[in-house]
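Beneath this line is the structure, given in structure tokens, with notes to follow.
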Amino acid sequence: MKTRAAVAFEAGKPLEVIEVDLEGPKEGEVLVEIRATGICHTDEFTLSGADPEGIFPAILGHEGAGVVVDVGPGVTTLKKGDHVIPLYTPECRECDYCTSGKTNLCQKIRTTQGQGVMPDGTSRFSIKGEPAFHYMGTSTFANHTVVPEIALAKVREDAPFESICYIGCGVTTGIGAVINTAKVRPGDNVVVFGLGGIGLNVIQGARLAGANMIVGVDINPARKAWGERFGMTHFVNPKEVEGDLVPYIVDLTKGGADYSFECIGNVDVMRQALECCHKGWGTSIIIGVAGAGQEISTRPFQLVTGRNWRGTAFGGAKGRTDVPKIVDWYMDGKIQIDPMITHTMGLDKINDGFDLMRKGESIRGVVKF
Ligand code: NAD
Ligand code: AHE
Ligand code: ZN
Ligand code: ZN
């Protein structure tokens, strides 16, 4: 079939919205009509050329929601008409990772996913007879996409696509990092670096978990009001702090953070996020994704004296199990999503959505098909 997609032909260049060819679903695959997709900073990271796994031409996008149009042979858990959220972290429920009870990082199809192809090693997308690559197994910047069955969460049908698409990455990543990865407890002091589409969801998660201080750190002063809207108790603009940021935050939190979260992808900030943690027990969670060749460093003494450095992907969530529950939280009013969706646009304006994010003017831009 033909479908419209925003294609990344080259790193650092705008996406091109064109008609592409899409083959039907093969064994274990599902054809999905995407109704809405968010634009996450990770899409910009890959488009910029900083992603070691970035390959072109590709159809980016990993924060979508839509409807099943067709299923391939062997698909048993989904049928035409089901509402779904594609999962860049699948959940096969049978690999060693899924059954370990220790991680959400299902590895069943990770190798081919990273190579931009379906599990059989081929792409369903093509342009003028030449294959185009899938991205993160989801490719939601297309009106139709093919996704493995194990990478789709079935969700309730009364939930609006333009809101719940954000659960496909930002909402789940932020809230999940607090609840699943850090396991923040009532009374904990939390510091969040970077108050964008992810960091604000960390703040929202910290409030849900009953955190005491929720300190937000951002160089964009406009993010103070945003943080306060979702539960932030203190705001720090590093540009306005005289002297080092780390002792300032340690003082503010009376000894350091119980948990800190880096939601930027800046390796220097990752170090600050670790070092502002409480001696003896503070844990810093890396969420931000850093470019090829970048490395983190600190004095080992920081770890010797009890600080912990961890990371999280998709907020530690097991998508097929947890995503439908997060959709329920939204529908029951337990979590907020809509205020963070600051801009919506048609697919032909997707590059404007990227520009708004780069300029710090949007929290989440959502493309509606
Ligand atoms: P965003 O652009 O919406 O937000 C980034 C925020 O960081 C902005 O508010 C910006 O002002 C702030 N910032 C930039 N430099 C700063 C600095 N030096 N000090 C303080 N604040 C600074 O991005 P996003 O969509 O929220 O994504 C954030 C990061 O999380 C990205 O690296 C993205 O790739 C990553 N991410 C990771 C996962 C995961 O599963 N681990 C999931 C989603 C996104
Ligand atoms: N491809 C990059 C890493 C990118 C990355 O870390 N992605 C996160 C999700 S970001 C969503 O916005 C992730 O899920 N990582 C685990 C995984 O298996 O990819 C690189 O550095 O190679
Ligand atoms: Zn994302
Ligand atoms: Zn698995």
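Put simply, of Ile341, Ile287 the only residue that is touching a residue at least 12 places away in the same chain (Cβ under 8 Å) and closer than 19 Å to Ala177 by Cβ is Ile287. Looking across the range 7-26, just one residue is closer than 16 Å to Ile55 by Cβ, part of a strand (DSSP E or B) and touching a helix residue (DSSP H, G or I) at 6+ places or on another chain (Cβ under 7 Å), and that is Ala8.
Looking at the range 77-102 only, could you name the residues that are of a type outside the set (Gly, Ala, Ser) and free of Cβ contacts under 8 Å to residues at least 60 places away in the same chain? Lys79, Lys80, Cys92, Glu94, Cys95, Asp96, Tyr97, Thr99, Lys102, listed by residue number. The residue list Glu19, Glu44, Glu63 contains one member that is within 16 Å of ligand 1 (Cβ to nearest atom) and either over 25 Å from Arg320 (Cβ atoms) or of a type in the set (Phe, Trp, Tyr) (or both), which is Glu44. Are there any pairs with C-beta distances below 6 angstrom linking a residue in the range 135-160 that is in the same structural domain as Asp43 (by TED's automatic domain parsing) to a residue that is hydroxyl-bearing (Ser, Thr, Tyr) and part of a loop (DSSP other than H, G, I, E, B), with the two at least 6 apart or on different chains, and if so which? Close Cβ pairs satisfying both conditions: Met136/Tyr88; Gly137/Tyr88; Thr138/Tyr88; Thr145/Ser139. Name every residue in the range 55-67 that is in contact (Cβ under 8 Å) with a residue 40 or more places away in the chain and closer than 20 Å to Ala151 by Cα, in order of residue number. Scanning the range 55-67 gives Ala58, Ile59, Leu60, Gly61, His62, Glu63, Gly64, Ala65, Gly66. For the range 251-345, the helices (runs of 4 or more DSSP H) that sit wholly inside it and include 1 or more residues that are of a type in the set (Ser, Thr, Tyr), within 26 Å of Thr103 (Cα to Cα) and within 16 Å of ligand 4 (Cβ to nearest atom) are 319-331.
Lys279 falls short on exactly one of the conditions (1) more than 13 Å from ligand 2 (Cβ to nearest atom); (2) closer than 22 Å to Gly205 by Cα, and that condition is (2). A single member of Ile214, Ile150, Ile127 is farther than 20 Å from Ile341 by Cα, of a type in the set (A, V, I, L, M, F, W, C), away from ligand 1 (no atom under 15 Å from the Cβ) and surrounded by fewer than 19 Cβ atoms within 10 Å (Cβ to Cβ), and it is Ile127.
Applying the set (1) closer than 17 Å to Lys368 by Cβ; (2) of a type outside the set (Ser, Thr, Tyr); (3) in contact with a Leu (Cβ under 8 Å, 6 or more places away or on another chain) to Ile39 leaves exactly one unmet item: (3).
Kindly establish whether Asp70 is within 16 Å of ligand 3 (Cβ to nearest atom) and either within 22 Å of Asn351 (Cα to Cα) or outside any loop (DSSP other than H, G, I, E, B) (or both). Walk me through how you get there before you give the answer.
On the way: within 16 Å of ligand 3 (Cβ to nearest atom): no; either within 22 Å of Asn351 (Cα to Cα) or outside any loop (DSSP other than H, G, I, E, B) (or both): yes.
No.
What do you reckon, is Ile363 under 17 Å from Leu200 (Cα atoms), assigned by TED's automatic domain parsing to the domain that holds Ile34, of a type outside the set (Ser, Thr, Tyr) and surrounded by fewer than 22 Cβ atoms within 10 Å (Cβ to Cβ)? Let's see the steps before the verdict.
Working: under 17 Å from Leu200 (Cα atoms): yes; assigned by TED's automatic domain parsing to the domain that holds Ile34: yes; of a type outside the set (Ser, Thr, Tyr): yes; surrounded by fewer than 22 Cβ atoms within 10 Å (Cβ to Cβ): no.
Criteria not met by Ile363.
Candidates are the residues of the range 73-116 that are near ligand 4 (Cβ under 9 Å from one of its atoms) and β-branched (Val, Ile, Thr); the one that is surrounded by the most Cβ atoms within 10 Å (Cβ to Cβ) is Ile109.
Sub-8 Å Cβ pairs linking a first residue in the range 169-190 that is free of Cβ contacts under 8 Å to residues at least 24 places away in the same chain and among the aromatic types (Phe, Trp, Tyr) to a second residue that is within 14 Å of ligand 2 (Cβ to nearest atom) and assigned to a helix (DSSP H, G or I), at least 6 apart or interchain, number zero. Would you check which residues across the range 130-147 are within 16 Å of ligand 2 (Cβ to nearest atom) and buried (at least 24 other Cβ atoms within 10 Å of the Cβ) and list them? Passing the criteria: His134, Tyr135, Met136, Gly137, Thr138, Ser139, Thr140, Phe141, Val147.
The values are calculated or read from the model by the stated rules, or taken from the named source; none is laboratory data. No experiment lies behind these values; they were computed from the predicted model shown. FYI the Cβ positions are ideal-geometry reconstructions off the backbone, even for glycines, and counts take in every protein chain you see.
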